[in-house]
Amino acid sequence: MTIHRPHLILTAILTMTLFMASTSNAGSITYTITTSGSGSLGGQAFDGEVVLRFVGDTANVVEPAPGVFYNSLGTATVTIAGLGTAVFTQPIAVYADHTYNSVGFIDGSDYTSGKATLGILNLLSPDYATYALSSAFGPVSGNGWTSFTVAGFATDRGAFILPPPGSGVFEAVTSAGAVPEPASLVMLGLGAGVLGCVVRRKARAAA
């Protein structure tokens, strides 16, 4: 059997294209903290379940200090039983601190200092001691604490204020199906185009 060199090159190109497309995927991740407490949203008082949610990408996790991890690029929301969902309009970050065995949601404008100085809600548990925000995790409960600020945190429905609750549950969920990044789709298109050209040339030569 004769193997033509152009065919080998084409096969190598297509194989590499498919491999890169399958491995170059967005690492979408959603962090949540679920708790119960009393507070206010835009001046409306509440007393019930509160769910903080941050949707981001694992590619944006940074380590500004040893054992301290942050993800500050994403969309943060709070869902309150009876009041619905509000979107935070100020920078919010999710952090994990191995020194204090803590995770939480904090003021995202301050994350570069390596300290959770203004926390919406932070949880403490030995189970958080090795988590680095880049993978699925939990759900794991922890003791609640926060660097409470009277002014609250800005949302599209007004200030969100939550005094320290007794406990909460932290969870991180990665996307079930990875979505190819634009560059991967371009590579697939180029590979398909090359294959199409070769097929057309062979068809013309055989005619």
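So the values come out like this:
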quantity: Qualifying residue in the range 34-48 (condition: of a type in the set (Ser, Thr, Tyr), in the same structural domain as Gly158 (by TED's automatic domain parsing), part of a strand (DSSP E or B) and without any contact (Cβ under 8 Å) to a residue 60 or more places away in the chain); calculated: no
quantity: Tally, over the range 134-169, of residues that are modelled with pLDDT of 95 or more, hydroxyl-bearing (Ser, Thr, Tyr) and over 16 Å from Val103 (Cβ atoms); calculated: 1
quantity: Filter result for Gly74 (surrounded by 19 or more Cβ atoms within 10 Å (Cβ to Cβ) and without any contact (Cβ under 8 Å) to a residue 24 or more places away in the chain); calculated: yes
quantity: Residue list for the range 67-91, restricted to those being under 16 Å from Gly152 (Cβ atoms) and within 15 Å of the chain's Cα centre (by Cα); calculated: Ala76, Thr77, Pro91
quantity: Qualifying residue in the range 49-58 (condition: touching a residue at least 60 places away in the same chain (Cβ under 8 Å) and surrounded by fewer than 21 Cβ atoms within 10 Å (Cβ to Cβ)); calculated: yes
quantity: Selection from the range 66-81 of residues that are touching an Asp or Glu at 6+ places or on another chain (Cβ under 9 Å) and not β-branched (Val, Ile, Thr); calculated: Gly67, Phe69, Tyr70, Asn71, Leu73, Gly74, Ala81
quantity: Only listed residue being in contact with a strand residue (DSSP E or B) (Cβ under 9 Å, 6 or more places away or on another chain), among the small types (Gly, Ala, Ser) and modelled with pLDDT under 50, chosen from Ser24, Ser40; calculated: Ser24
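The values are calculated or read from the model by the stated rules, or taken from the named source; none is laboratory data. Computed from a prediction, not measured in an experiment: that's the story for all the values here. Positions of Cβ are generated from backbone atoms using ideal geometry, with glycine treated the same way; all protein chains shown enter the neighbour counts.
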